[in-house]
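First up is the structure itself, then whatever we jot down about it.
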């Protein structure tokens, strides 16, 4: 049995009926973490949108990670923050959020960036996009063996991201991904069915 787990990333629209959809998704299978990712709203509005979602995650012991914003993560008491390469550094985020925060870093297809993140104290590194993604454009296209290389050298977990579906996930699990970060494959259809399909693959 693989010990790879699911890491859900929110769609950009998280108002309306999205809290109900998130609850359905989390109840449909084994999800380790949820990343709250909104663009173009101020911090006050982001905090308001995050509140019900954070409660849903807390009830189910799913880590609630804020994308990009250390300040928002601090404000709402999130479990951690996910930093892109332009979003500030791990050491500063650690000073603000404290020793128990989960801090992840986007490393694209770069071994160098991943090693730097690990040395700076990141809790996980994210590689991708492994497949073409409708959620986010990426010129980076790592091969699955990048995950295998990382696993052979480092204790820090690695996340695979980018266009991952139940149909194409298996090679990434086999290569050594600790987490599969998924968004469109879940939210563009029946979220419960998608999470169940991913959970079935990860249980093999």
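Remarks
- The single residue among 32, 28 that is closer than 30 Å to residue 174 by Cβ, buried (at least 19 other Cβ atoms within 10 Å of the Cβ) and touching a residue at least 60 places away in the same chain (Cβ under 8 Å) turns out to be 28.
- Spans of helices (runs of 4 or more DSSP H) in the range 146-204 with at least 2 residues touching a strand residue (DSSP E or B) at 6+ places or on another chain (Cβ under 8 Å) and modelled with pLDDT of 95 or more: 170-175, 191-202
- Hey, residue 189 farther than 17 Å from residue 30 by Cβ and free of Cβ contacts under 8 Å to residues at least 24 places away in the same chain or not: yes
- Checking the stated criteria, residue 117 turns out not to satisfy the condition of being within 18 Å of the chain's Cα centre (by Cα), closer than 17 Å to residue 63 by Cβ and touching a residue at least 12 places away in the same chain (Cβ under 8 Å).
- Of all residues making up the range 52-67, the number that are within 19 Å of residue 42 (Cβ to Cβ) and in contact with a strand residue (DSSP E or B) (Cβ under 7 Å, 6 or more places away or on another chain): 4
- Checklist (1) touching a helix residue (DSSP H, G or I) at 6+ places or on another chain (Cβ under 8 Å); (2) under 25 Å from residue 203 (Cβ atoms); (3) modelled with pLDDT of 95 or more applied to residue 30, failing item: (3)
The values are calculated or read from the model by the stated rules, or taken from the named source; none is laboratory data. Note that the coordinates shown come from a computational prediction; the quantities given were computed from them, not determined experimentally. Neighbour counts run over all protein chains shown; Cβ positions are idealised from the backbone, glycine included.
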